[in-house]
Amino acid sequence: MLIRTFVNRPVTTSMLFIGILIFTLLTFRQISIDLLPQLDIPQFHIRTAYIDASPEEVEQLITEGLEAQLSTLPDIRRITSVSREGVSVITLHFHWGTDMNIARIQTRERLDQARAFLPEQAGRPTILHVDPSTAPVMKLSLTAADAPQYHADAVFYGSDGAEWLHRDLYELREAARAILKRRFEQGRGVAQALITGGVEREIQVDIDLDKLRMLDLRIDDVATALERANISMPGGSIKSGHFRFALRALGEFESLDDIRQTVVHTTAGGRAILVRDIAEVRDGFKERESIARFNGRETIGVLIRKEAGANTIDVSRQVRQVIAELHEEYPEFHIEVVYDEAEFIQTAVSAVQQQLMWGGALAFIVLFLFLGRLREPLVIGASIPASIMTALLLMYIFDISINVISLGGLAVAIGMLVDNSIIVLENTARHRTGIHDLKESAVTGAREVVLPITAATLTTIAVFLPLIFMEG
């Protein structure tokens, strides 16, 4: 019945496929393009900080207690842990197919219950979900256009009595944080722009321990005095007419002299002991724990992470456009793309696309050579793009990305399509010798082979069906 309807109504059939073509063209740019399908790995990392504790203390006081609580989670398959100085990292491995949203809630409940048994100095356990999509899709390098080469052991001096290095790593990092980070994160699909490398500013108070002992003071006294002197707190509100204004008590340090003038202690004789009497205050840099290098030159790294479900190629295109704009606005900065996942994705996807097109073209040539006629190969050749368009529209509806796996499936399906088309055309041609009506021969030829074609297609599907039940 369906075959006769399509054959007897060629205009309706043509309009149907033209409509599919139009909708596919409209939605094709919205289909996500990635290297592999999105994976939801059933793993959690539980990270708990315990500052200045030895690995043995972390193991006994943090890791063992949390493992005892988390081992009762449902669908848990395996628990592994690493206890290092100042931090405990526990990895939870769940069975494939576990609802990770529910697992996260249950894990948080167990951690909140275990929080009462942890040391007071320990931080709150945090849950980190293992998600490959959160890995950076782009890595950028920021350097000054005429900057010298900095080394890891370079000495940096602060602005208090020493000269600043021109366009040093600190200034580059601040420029990346204030300019690049904001510009990149404004782009659609960009979740985060993470700044790495360089140096960070730090106000250092170097205490003279001999003077501290002479005055019978402790380091905690200095830290407490600085904390109390550097405050900013709400001070209520005042009403003026129809308006109410909020007040704040501002007492934050504004210069190094403010820190030096801070009173640490007052003696019995009324003499105030200031920070400058027992310590040296200078504007310096934090101790460096990581270094970013590119082509042997120290640089500031910018890691671009995309939002979940965002098109990697579109994100890369937007970031490169922003880089071009920044080069025009800030010629004193030089930004290079170190790594771009979109290039690898485009190369891999383009390779599969080319193989798919070459396969279709070779199939058309082989059919033409064997059949010796042009009409039948053209019919089969027309069915290939029509079927691909229909498949792409269904991929958009069911939120399936274009990747090497889905394109490989399309390539397999095209081979099956060509085989089935040859069978239908040959059977139709056979009936045309006895039935002069072209439509009737097409209906009869297709109806006779529809069940064998369906059975042959289902056998191919049955080969891949066990993959659905595979885990991992």
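The values are calculated or read from the model by the stated rules, or taken from the named source; none is laboratory data. The structure presented is a predicted model; accordingly, all values stated were derived computationally and were not measured. Backbone-built Cβ (ideal geometry, glycine too); neighbour counts: all protein chains shown. Accessible surface is based on the protein model in full, side chains and every heavy atom, while ligands, DNA and RNA are left aside. Shrake-Rupley method; radii C 1.70, N 1.55, O 1.52, S 1.80 Å.
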**Request:** Give the residues of the range 282-326 that are within 24 Å of ALA145 (Cβ to Cβ), open to solvent by 40 Å² or more (accessible area, probe 1.4 Å), in a loop (DSSP other than H, G, I, E, B) and of a type outside the set (S, T, N, Q), sorted by residue number.
**Result:** ARG288, ILE291, GLY296
**Request:** Could you tell me whether any residue of the range 198-205 is more than 38 Å from the chain's Cα centre (by Cα) and either surrounded by 12 or more Cβ atoms within 10 Å (Cβ to Cβ) or among the hydrophobic types (A, V, I, L, M, F, W, C) (or both)?
**Result:** yes
**Message:** Among (1) over 28 Å from ASN311 (Cβ atoms); (2) within 31 Å of the chain's Cα centre (by Cα); (3) β-branched (Val, Ile, Thr); (4) surrounded by fewer than 16 Cβ atoms within 10 Å (Cβ to Cβ), there is one condition THR12 misses while meeting the rest; what is its number?
**Reply:** (2)
**Request:** Output the residues belonging to the range 344-377 that are more than 21 Å from ARG317 (Cβ to Cβ), touching a helix residue (DSSP H, G or I) at 6+ places or on another chain (Cβ under 7 Å) and either open to solvent by less than 70 Å² (accessible area, probe 1.4 Å) or in a helix (DSSP H, G or I) (or both).
**Result:** GLN355, LEU356, GLY359, GLY360, ALA363, PHE364, LEU367, PHE368, LEU371, GLU376, PRO377
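Restricting to the range 347-368, give me the number of residues that are in contact (Cβ under 8 Å) with a residue 40 or more places away in the chain and farther than 20 Å from GLY415 by Cβ.
Just the residues of the range 347-368 that are in contact (Cβ under 8 Å) with a residue 40 or more places away in the chain, to begin with: 348-349, 352-353, 355-356, 359-360, 363, 367.
Okay, now just the ones that are also farther than 20 Å from GLY415 by Cβ, so 348.
Summing the residues that are in contact (Cβ under 8 Å) with a residue 40 or more places away in the chain and farther than 20 Å from GLY415 by Cβ in the range 347-368 gives 1.
So, in the range 413-430, of the ones that are free of Cβ contacts under 8 Å to residues at least 24 places away in the same chain and open to solvent by 30 Å² or more (accessible area, probe 1.4 Å), which residue ends up nearest to LEU371 (Cα to Cα)?
At the first step, the residues of the range 413-430 found to be free of Cβ contacts under 8 Å to residues at least 24 places away in the same chain are 426-428, 430.
Then drop every residue that is not open to solvent by 30 Å² or more (accessible area, probe 1.4 Å), which leaves 426, 430.
Values: GLU426: 10, ARG430: 13 Å.
Among residues in the range 413-430 that are free of Cβ contacts under 8 Å to residues at least 24 places away in the same chain and open to solvent by 30 Å² or more (accessible area, probe 1.4 Å), the one nearest to LEU371 (Cα to Cα) is GLU426.
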**Subset of the range 22-46 (residues that are in a strand (DSSP E or B) and surrounded by fewer than 16 Cβ atoms within 10 Å (Cβ to Cβ))** = HIS45
**Asked** Can you list the strands (runs of 3 or more DSSP E) found entirely within the range 234-275 that contain at least 1 residues being within 17 Å of VAL222 (Cβ to Cβ) and modelled with pLDDT under 90?
**Response** 263-266, 272-274
**Request:** Could you please find all residues in the range 38-51 being touching a Gly at 6+ places or on another chain (Cβ under 8 Å) and either under 14 Å from GLU120 (Cβ atoms) or basic (Lys, Arg) (or both)?
**Result:** THR48, ALA49, TYR50, ILE51
